[in-house]
Each structure stands twice: as structure tokens, then as C-alpha cells.
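One structure coming up, written as C-alpha cells, with questions to follow.
The values are calculated or read from the model by the stated rules, or taken from the named source; none is laboratory data. All values reported here derive from a predicted model rather than from experimental measurement. Every residue, glycine among them, receives a Cβ derived from its backbone with ideal geometry; neighbour counts consider all protein chains shown. We work out accessible area using only protein heavy atoms, side chains counted, and drop any ligands, DNA or RNA first. Shrake-Rupley method; radii C 1.70, N 1.55, O 1.52, S 1.80 Å.
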Amino acid sequence: MDVDAVSGRDEPRAGGSWTPGKVAELLGVSPVTLRTWAARYGVGPTLRDDGRHRRYTDADVRRLQYMQRLIDRGMRAREAAAAAFSPAGEAVPEISPGQRAEELERAAEDLEFASLAALLDETLDALGPAAAWTEVLVPVLHHLGGRWLRGDVCFDAEWALTGEISLALQRYGAGFANTPPGRVVLLACCPQERHSLPMEVLRAAMVEVGIPAVHLGQMVPAETTVAVAAKLDPVVVFLWSMSAGTADDLLARRLRRRGFDVATAGPGWENLIERDVPWVNDLAAALELATERLKA
Ligand code: B12
């Protein structure tokens, strides 16, 4: 499978040109290894920028990074080169969600942003947002959260990973047709809520199945959610809260008084006494509710 095919890009980005030395450094291999790969497997630099020196393009580098990941997973260099470089490509051995999670946490730990982005693109393309979330991303996030609780300061890894997950989900969503005009599903985090990833995954999963969805992001001021709802007249508004401290019941009531269909989403609403609005606490239930509302 060709990396550009994996990451849904049909045209390698024009972008940069890399010297063999820089590429060897980035991959952490010796220039000799790089030359050997080029000679043996035909995976050399494809750009001749000044007629004399050959350079690697961004796409070359992404393919080499993918080839290296396949080698790290136990594939022989020749097969990994074939899988990463030839458009049809060799079949790539399936890897377990657990191994994907490990590779992601390692790349986050080492702040290897390029590898993180490539691994996330690969995971989303292989599994789709819903399965990638439940089988790979939530386990890594829980593991990081657990490490944090045990006093293992891993904010940097958590921050690196969550930032790259957001970007990868946006890239994934951009791969689907623009949402058709018409009434949308509105997703918003409560005004004090910064944990937006579950809503970002929900939006990607909705766009994937053609549900028109707009996500307003983290910590959305109540005025903003109300004003956007007034303009868009959404089929339903999902209000996300991760912990009881951020569940904004007043906002939910205010939206309902204005005649909007509101659904509360996330563990933050779990202990809410008066439950006169629907509550969802998993991805599938949220997708189902949105589908119902759109059909209604
Ligand atoms: C990533 C993260 C962050 C990132 C968020 C980045 C982002 N853009 O989302 C940042 C760094 C910003 C952050 C900040 C903070 N965080 Co934080 N964070 C996390 C972490 C590691 C992952 C969060 C996550 O997305 N988890 C995945 C979720 C989905 O897993 P889950 O909750 O177990 O899933 C359940 C439900 O949510 C539901 N579900 C799962 N997916 C989906 C999807 C949909 C659509 C639906 C409807 C439901 C649903 O099903 C599961 C079973 O019930 C968690 C650790 C953890 N264990 O989750 C801590 C965690 C949530 N954070 C915590 C805290 C305390 C904070 C801070 C207050 C820290 C601080 N002092 O600054 C701030 C909060 C700021 C705020 N106002 O919100 C605590 C919360 C404790 C609590 N219950 O109140 C946790 C649990 C860490 C810990 N171990 O203590 N955090």
C-alpha cells in the first residue's frame, strides 16, 4: 500500500527537498544504509534540484519513514520498501491495536511529531475514527492519564499526542465531501470543558457517514453556542462535559427554552438529577441519536 494512498493524499506535497544527510539524520540511520536502500530497493531521492545533487522530496521522506516503521514491526527491508514505495505495494501485515497504541505512545514520549502524524493517519485510514478511538487512542490516553496520576510527569507526551490527534482528525475529515447544505448537528464543549477529543472524534465519525456536523471546539462560551444555534437551527445540539464540574445544566436548559433539541454527552452529566434531556455516553449512541434526529 503506497503511503500517499494510506494518507489519502493523491499528490505528494510540493514542499521541501531533503539532502541524503538530513534524511539519514531524521531516520536515525547511517548515510551508508540510506545509499544501500537506494541501490538495493530503488528507494533513492527522486528530486534533482540543481541538476547535480539529488534530493529527497517530502513524499520520499514519508515513504521512507513508513518503510522504517514496517521494518521496526519485523518486515524485511526488501518487503518494507516494496510496501512503502510501489503504488500497488505488497500486502502490509496487519498490526494489532495494542502495537499501534505502543508506537503512538513511544512517538509521543519522544516528541516525534512527524511520526505521530504519520502513525495517526495510518491508524485512522486502517480502522476509521470510531475503531481507532476505542481500540487505540482511548487506551493510550488512559495509559497517559494513569501515568500522570501515578506522578509520572508526562504532560509533554499528552500534549503532543492530543494536538496531533486533533490535526489527524481534521485531515481525515477533510478527505470527505463537504457537508451538504441543510440542517447540521452542532457539537460543543461546555464553557469550562477543555477535553474536546471525544467531540472531535464524533465529528470525524459523522462526516465519514455523511452526517453534516459542526464542532465549535473546547471551552465554548455559552453566548457563542446559543448564537450559533440561533443562526444554524441545528437538528440537535450535543453539549459535551467530561467531569461534573463542567456540566453546564443552565446552558442546556437555556437552549431548550429557545426551542433547540439538546443532547448531553459525556461522563460529566452522569450524576445529573433531573434528566429531561437525552444523555449519551459513548460514540455509537451519539451517532445513533444524530441519525435518528436527521431522519425525524
Ligand atoms: C487528554 C487529556 C487532557 C487534555 C485535553 C486535550 C483535548 N483537546 O481533549 C488537556 C491537557 C487539555 C487536559 C486538561 C486537563 N485535564 Co485532562 N485528561 C486528558 C486525558 C489524558 C485523556 C482525555 C480523554 O479524551 N480521554 C478519553 C476519554 C474519552 O475516555 P473516558 O472518559 O474514559 O471515556 C468514557 C466516556 O467519556 C465515554 N466516551 C468515550 N469516548 C466517547 C465519545 C463520545 C462521543 C461520547 C458521547 C462518550 C465517550 O465512554 C467512556 C466510558 O464512560 C484524561 C485521562 C483519561 N483517563 O481519560 C485526563 C483527565 C480527564 N484530565 C483531568 C484533569 C484533572 C485535567 C485538568 C483539570 C488538569 C489541570 N489541572 O489543568 C485540565 C482540565 C481543564 C478543563 N477545564 O477541562 C482528569 C479529570 C479528573 C476528573 N474526573 O475531574 C483526568 C481523568 C486525568 C486524571 N487521571 O486524573 N486533559
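With the requirement that a residue be assigned to a loop (DSSP other than H, G, I, E, B) and either more than 7 Å from the ligand (Cβ to nearest atom) or under 19 Å from Leu137 (Cα atoms) (or both), what does the stretch 193-218 give you? If you could, list the steps in order and put the result at the bottom.
Of the residues in the stretch 193-218, the ones assigned to a loop (DSSP other than H, G, I, E, B) are 193-196, 209-212, 216-218.
Correct list: Arg194, His195, Ser196, Val209, Gly210, Ile211, Pro212, Leu216, Gly217, Gln218.
Next up: Of the conditions (1) modelled with pLDDT of 85 or more; (2) over 25 Å from Leu137 (Cβ atoms), Gln65 clears all except one; give me its number.
(2)
Can you tell me which residues in the stretch 122-138 are open to solvent by less than 20 Å² (accessible area, probe 1.4 Å) and at negative phi? Break it down into steps so the answer makes sense when it comes.
The first filter runs over the stretch 122-138 and keeps only residues open to solvent by less than 20 Å² (accessible area, probe 1.4 Å), leaving 122-124, 128-129, 132, 136-137.
Those that are open to solvent by less than 20 Å² (accessible area, probe 1.4 Å) and at negative phi: Glu122, Thr123, Leu124, Pro129, Ala132, Val136, Leu137.
Considering only the stretch 137-192, state which residues are in contact (Cβ under 8 Å) with a residue 12 or more places away in the chain, within 10 Å of the ligand (Cβ to nearest atom) and not in a helix (DSSP H, G or I).
Scanning the stretch 137-192 gives Cys154, Leu187, Cys189, Cys190, Pro191, Gln192.
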